[in-house]
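What follows is a short report on a single structure.
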Amino acid sequence: QVQLVESGGGLVQAGGSLRLSCAASGSISSINAMGWYRQAPGKQRELVATIIVGGRTNYADSVKGRFTISRAKNTVNLQMNGLKPEDTAVYYCTVVQGMVYWGQGTQVTVSS
């Protein structure tokens, strides 16, 4: 089993920045990918960004140029700049290691 602990969510004004972190622990052997998803009220969960072995990254079009995903060993970070009210959501960390593991989610609220 892999456990994920997220941190860094909160309330910020439009145009501001937040940094989310997610630390993976437990039975870690070979992580294939790490990433972030988000779910806004009344909407489906959507991909925000992923980073795979080798460092290749992928971003949702809506966050390109504003968000940056990075990985340091078993921690994945999401630097969010230029935040907009439409970025308000619960953000979930994910890890792929044979199966997909999900964090508990952290709330990000962007006020206009």
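Observations
- Packing-based ranking, highest mean first, of 12-22, 53-63 given that Cβ atoms within 10 Å are counted: 12-22, 53-63
- Solvent-accessible area, 1.4 Å probe, carbon plus sulfur percent, for the chain: 49 percent
- Tail fraction, Cα-Cα pairs, the chain, threshold 17 Å, whole percent: 49 percent
- The charge dipole of the chain, taken about the Cα centre with unit charges on the Cβ atoms of Lys, Arg (+1) and Asp, Glu (-1), comes to about 180 debye, rounded to the nearest 20.
- Note that the range 57-71 has calculated 3J(HN,Hα) couplings of 10, 9, 10, 5, 4, 5, 10, 4, x, 10, 10, 9, 9, 8, 9 Hz, one per residue in order, obtained from phi through the Karplus relation 6.51 cos²θ - 1.76 cosθ + 1.60 (θ = phi - 60°); glycine and proline are x.
- In the full protein context, the chain carries 52 Å² of accessible surface per residue, based on a 1.4 Å probe and ignoring ligands, DNA and RNA.
- Once backbone amide H atoms are built at 1.01 Å from N, ALA33 has VAL96 as its partners under 5 Å, excluding neighbours fewer than 5 places away on the same chain.
The values are calculated or read from the model by the stated rules, or taken from the named source; none is laboratory data. The shown structure was predicted, so the numbers you read here are calculated from the model rather than taken from an experiment. As a convention, Cβ positions derive from the backbone with ideal geometry for all residues, glycine included, and neighbour counts pool all protein chains shown. Protein only, heavy atoms only, side chains kept; ligands, DNA and RNA dropped before computing areas. Shrake-Rupley method; radii C 1.70, N 1.55, O 1.52, S 1.80 Å.
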